[in-house]
Amino acid sequence: MRLFFRQAQAVPNAASAALPDLGEAPELLGVRPWLNTPDSEPVTLARLIGSVVLIEFWTFACGNCQRTLPFLRRMHSQYSPHLQVVGIHTPELPFERPARNVEHAVRRHRLEFAVGLDNDFGAWDAYGNHYWPSLYLVDAAGHIRYTHIGEGSYRRTEAAIRVLLTEAQIDRWNVKQIPPRRVCRRAARRLSNLTAPGEPGRARSTTAIGCRSPRQTARRSHSRDRRALLAVTTGASPRTRRGPASRSTAGDSPRPDRRCRRE
């Protein structure tokens with residue numbers, strides 16, 4: 001079992017070198033006010049050095065942006081505080097500018113991470129952004145290591161997050177306890193029939209009657225991680241290596257129905 005976990009941990013270390021360094025992340029200047037921060041204090045990347053930062057440019061009336069919010073919520077709840085999720089709300093339409101409308105949207109979508117208003121397009125222009133939504137993953141040293149335009153590729157993005165967390169020696173996700181799988185009633189009956197009275201050691205394991213054991217569950221989970229990490233390094237789809245290259249690399253053009261372009 002120890003050998004298996006050592007092999008699984010070696011995959012992110014090998015993949016970390018394949019995430020290119022796209023340069024230092026520009027500071028989030030001109031973004032105000034801020035929501036979901038203590039005393040509405042502004043978020044600066046200088047204060048977040050040492051943490052991995054996930055930045056997404058979005059606007060609340062964009063359907064493509066709305067479909068990425070569940071993923072951002074999950075990343076925030078699963079990896080915080082080692083991963084800092086930051087939403088930069090850059091309006092596309094006039095009614096998206098008022099802070100009260102953005103605050104209402106933040107409450108409606110149950111967003112708990114920091115959200116800043118970029119009504120003057122200061123941060124948008126600093127990042128050379130052109131699309132909603134656009135995602136930037138910043139490592140613990142403050143450098144952009146991964147970008148994605150549009151929605152989708154969530155498994156690839158999470159794999160890149162894990163690579164950077166491991167690179168920053170944050171292994172909390174690697175020791176997460178996997179709860180044992182519940183045994184269904186039919187399997188429980190078959191197990192009881194196989195168990196001799198007073199001799200529990202003769203019962204076969206749940207694996208023999210169609211239920212995965214916690215060890216098998218862990219192996220399946222790490223197998224998914226290995227495929228996703230391989231996709232980050234090779235550009236292949238996490239499910240199959242025969243598909244086209246993902247839209248998650250810098251310079252790629254996204255599918256038209258997965259993003260909105262600023263004219």
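Within the range 147-160, can you find the residues that are crowded, with 21+ Cβ neighbours inside 10 Å and either under 20 Å from residue 24 (Cα atoms) or touching a Lys or Arg at 6+ places or on another chain (Cβ under 7 Å) (or both)?
Within the range 147-160, 147, 148, 149, 150, 151, 153, 157, 160 meet the criteria.
What is the one condition in (1) within 28 Å of residue 168 (Cβ to Cβ); (2) modelled with pLDDT of 95 or more that residue 80 does not satisfy?
All conditions pass for residue 80, except number (2).
Got at least one residue in the range 48-70 being out of contact with any helix residue (DSSP H, G or I) (no Cβ under 6 Å at 6 or more places or on another chain), closer than 17 Å to residue 124 by Cβ and surrounded by fewer than 15 Cβ atoms within 10 Å (Cβ to Cβ)?
no
Which of the numbered conditions does residue 120 fail, given that it passes all the others? Conditions: (1) crowded, with 19+ Cβ neighbours inside 10 Å; (2) acidic (Asp, Glu); (3) over 18 Å from residue 66 (Cα atoms).
It is condition (1) that residue 120 fails.
Can you name the residue in the range 123-146 that is more than 12 Å from the chain's Cα centre (by Cα) and among the hydroxyl-bearing types (Ser, Thr, Tyr) and, of all such residues, is surrounded by the most Cβ atoms within 10 Å (Cβ to Cβ)?
That would be 134.
Results for (1) within 11 Å of the chain's Cα centre (by Cα); (2) of a type in the set (Asp, Glu), shown as yes or no for each residue.
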residue	(1), (2)
73	yes, no
92	no, yes
98	no, no
105	no, no
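The values are calculated or read from the model by the stated rules, or taken from the named source; none is laboratory data. Here the structure is a predicted model, which means the values were calculated and not measured. Positions of Cβ are generated from backbone atoms using ideal geometry, with glycine treated the same way; all protein chains shown enter the neighbour counts.
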